[in-house]
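Visitor: Could you have a look at this structure, given as structure tokens, before my questions?
The values are calculated or read from the model by the stated rules, or taken from the named source; none is laboratory data. Everything numeric here is computed off the predicted structure, so don't read it as measured data. Here the Cβ positions follow ideal geometry from the backbone for every residue, glycine too, while neighbour counts run over all protein chains shown. Accessible surface is based on the protein model in full, side chains and every heavy atom, while ligands, DNA and RNA are left aside. Shrake-Rupley method; radii C 1.70, N 1.55, O 1.52, S 1.80 Å.
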Amino acid sequence: MAAPELAARLERVVDHGAETRAFFLRLPAPLVFRPGQFISCLLPVGEERLIRPYSIASSPEEGDCLELVVDRVPGGPGSHYLFGLQIGATLRFTGPWGTFTLDRAPAGEAVFIADGTGIAPIRPMLRRALASAPTHPLRLLHAGDGRAPPLYHEELLQLARTNPAFTLDHVESRTLLREVCRRWIESDTDRTRHFFICGVGLIVPTLRDSLRQAGYARRAVQYEKW
Ligand SMILES: Cc1cc2nc3c(=O)[nH]c(=O)nc-3n(C[C@H](O)[C@H](O)[C@H](O)COP(=O)(O)OP(=O)(O)OC[C@H]3O[C@@H](n4cnc5c(N)ncnc54)[C@H](O)[C@@H]3O)c2cc1C
């Protein structure tokens, strides 16, 4: 049976630099989803109906408002369609989908690794982990191109100021693999950490494989590759 289609209204957009935009969607009723899940947008482009998944960057507690944060990909039909939408437009989608999720802080140190807009699913996961009385440290390594301020920078800094369990570091995307190796492979022999990795392209499986080959359990290294 086909997944039921839902419709949302584009209520507001916020630009994060020239090529990244947050889309705030209003739903007729709250969507039940788990932090980290995505929706599959159904985009009428030309004669086709493209299906493009986008992670939900807001939290389930935000009710009938969903936030997506999207990069405009050069020559990409789906992202260009979204960037062309006017306020008030209807966006159809199915979902929520996905198993890259977090319902509570893990029973061990948690390391979130977000490359660029890969922060989208990690933002609600992190908020949920912080809200669930974490007993172990929560760390975010947030990578970017070093030109624009990292996405949700002020909000994440504020979370770090108010939650002693949470620490936040920024690195440039080009140094991400080196930083991960230095911090969590070469620095000690602790292999009890839990990793949540999200980003675009080869860096994601490269990080996943490096961590697993270094001795972290397979199920302790979760990832989503775009
Ligand atoms: C589970 C899942 C969740 C996703 N969530 C998001 C999200 O929250 N925000 C988002 O911007 N994209 C997200 N994506 C990517 C998104 O679905 C599309 O692939 C992207 O918008 C490109 O579609 P397009 O039609 O514009 O370009 P296409 O012509 O389909 O181009 C695809 C190419 O763009 C690359 N690409 C994909 N995403 C990006 C990106 N964000 N930045 C730069 N290059 C990219 C792909 O690696 C591929 O090479 C997600 C993908 C998956 C699988």
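Visitor: Tell me, yes or no, whether the stretch 84-91 has at least one residue that is under 23 Å from Leu6 (Cβ atoms), crowded, with 18+ Cβ neighbours inside 10 Å and not assigned by TED's automatic domain parsing to the domain that holds Trp184.
Guide: Checked against the condition, which is being under 23 Å from Leu6 (Cβ atoms), crowded, with 18+ Cβ neighbours inside 10 Å and not assigned by TED's automatic domain parsing to the domain that holds Trp184, the stretch 84-91 yields at least one hit.
Visitor: Now for a different question. Condition (residue is among the charged types (D, E, K, R) and farther than 26 Å from Arg21 by Cα) applied to the stretch 111-119: is it met by at least one residue?
Guide: no
Visitor: Let me ask something additional. Could you figure out which of (1) farther than 15 Å from Ile197 by Cβ; (2) within 16 Å of the ligand (Cβ to nearest atom); (3) open to solvent by less than 20 Å² (accessible area, probe 1.4 Å); (4) not hydrophobic (A, V, I, L, M, F, W, C) isn't true of Pro74?
Guide: Result: Pro74 fails condition (3) only.
Visitor: Within the stretch 127-149, is even one residue within 29 Å of Glu62 (Cα to Cα), open to solvent by 60 Å² or more (accessible area, probe 1.4 Å) and in contact (Cβ under 8 Å) with a residue 40 or more places away in the chain?
Guide: Taking every residue of the stretch 127-149 in turn, at least one turns out to be within 29 Å of Glu62 (Cα to Cα), open to solvent by 60 Å² or more (accessible area, probe 1.4 Å) and in contact (Cβ under 8 Å) with a residue 40 or more places away in the chain.
Per-residue answers, yes or no, for (1) within 13 Å of the ligand (Cβ to nearest atom); (2) touching a residue at least 40 places away in the same chain (Cβ under 8 Å); (3) open to solvent by 80 Å² or more (accessible area, probe 1.4 Å):
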{"residue": "Ala3", "(1), (2), (3)": "no, yes, no"}
{"residue": "Leu10", "(1), (2), (3)": "no, yes, no"}
{"residue": "Val14", "(1), (2), (3)": "no, no, no"}
{"residue": "Leu27", "(1), (2), (3)": "no, no, no"}
{"residue": "Gly36", "(1), (2), (3)": "yes, yes, no"}
{"residue": "Ser40", "(1), (2), (3)": "yes, yes, no"}
{"residue": "Ile51", "(1), (2), (3)": "yes, no, yes"}
{"residue": "Tyr54", "(1), (2), (3)": "yes, yes, no"}
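Visitor: Further question on the same structure: Any residue at all in the stretch 183-194 that's touching a residue at least 24 places away in the same chain (Cβ under 8 Å) and within 26 Å of Leu68 (Cα to Cα)?
Guide: The answer is yes, given that some residue of the stretch 183-194 is touching a residue at least 24 places away in the same chain (Cβ under 8 Å) and within 26 Å of Leu68 (Cα to Cα).
One line per residue, one yes/no per condition, for (1) of a type in the set (A, V, I, L, M); (2) touching a strand residue (DSSP E or B) at 6+ places or on another chain (Cβ under 8 Å); (3) under 14 Å from Glu109 (Cα atoms):
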residue: Leu159; (1), (2), (3): yes, yes, no
residue: Thr162; (1), (2), (3): no, no, no
residue: Ala165; (1), (2), (3): yes, yes, yes
residue: Leu168; (1), (2), (3): yes, yes, yes
residue: Cys181; (1), (2), (3): no, no, no
residue: Trp184; (1), (2), (3): no, yes, yes
residue: Asp188; (1), (2), (3): no, no, yes
